[in-house]
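Where a number appears in this text, it was derived from the coordinates with a stated rule and is not lab data. The structure presented is a predicted model; accordingly, all values stated were derived computationally and were not measured. Every residue, glycine among them, receives a Cβ derived from its backbone with ideal geometry; neighbour counts consider all protein chains shown.
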Amino acid sequence: MRRIMLASGVVMALATAASAQYTGPVEPAEESPEKYVPMTIGEALSNTEDGKKAVLEGMLVRKIGNESYILSNGRREIEVEIDNDDFPETPVSETTRVRLEVELERHMFRPNDAEADSMVILD
């Protein structure tokens, strides 16, 4: 019995060493998650792809609901949902420039909006 266990241990060690030295073709890894693409608020509003990840910059000019805000770049505005735990510890006012990584939400009968995944203060 001891010889069988010893022999199986040697076989496993050789198999492990052999696989570590493998130089043949390798299946591609799963695609990396979609990257956040920088875009303007105007581009975000006209985006036709639901779930598109984007980077938006501007100022949160007003709060319109519990976790809903209006992000403005001075020319265009988009509604953004930001979870309270995504806010930085530094206070944010209507004059604070922020960068948001968002997932765009396309709508048929109202303007597109976004849900923030993260926020960074630029000022």
Most packed first (mean Cβ within 10 Å per residue), the peptides 77-83, 41-47, 90-96, 117-123 order as 77-83, 41-47, 117-123, 90-96
Taking the Cα centre of region 37-121 as the origin, how large is its charge dipole in debye, to the nearest 20, when only Lys and Arg (+1) and Asp and Glu (-1) carry charge on their Cβ atoms?
480
Please give the net charge around THR96, taking every other residue with its beta carbon less than 15 angstrom from that of THR96, where Lys and Arg add +1 and Asp and Glu add -1.
-1
Reported to two decimal places, what Rg/Rh ratio describes region 37-121 when computed on Cα atoms with Rh from the Kirkwood expression?
0.93
Given contacts defined as C-alpha pairs under 8 Å and at least six residues apart, what's the relative contact order of region 37-121, whole-number percent?
33
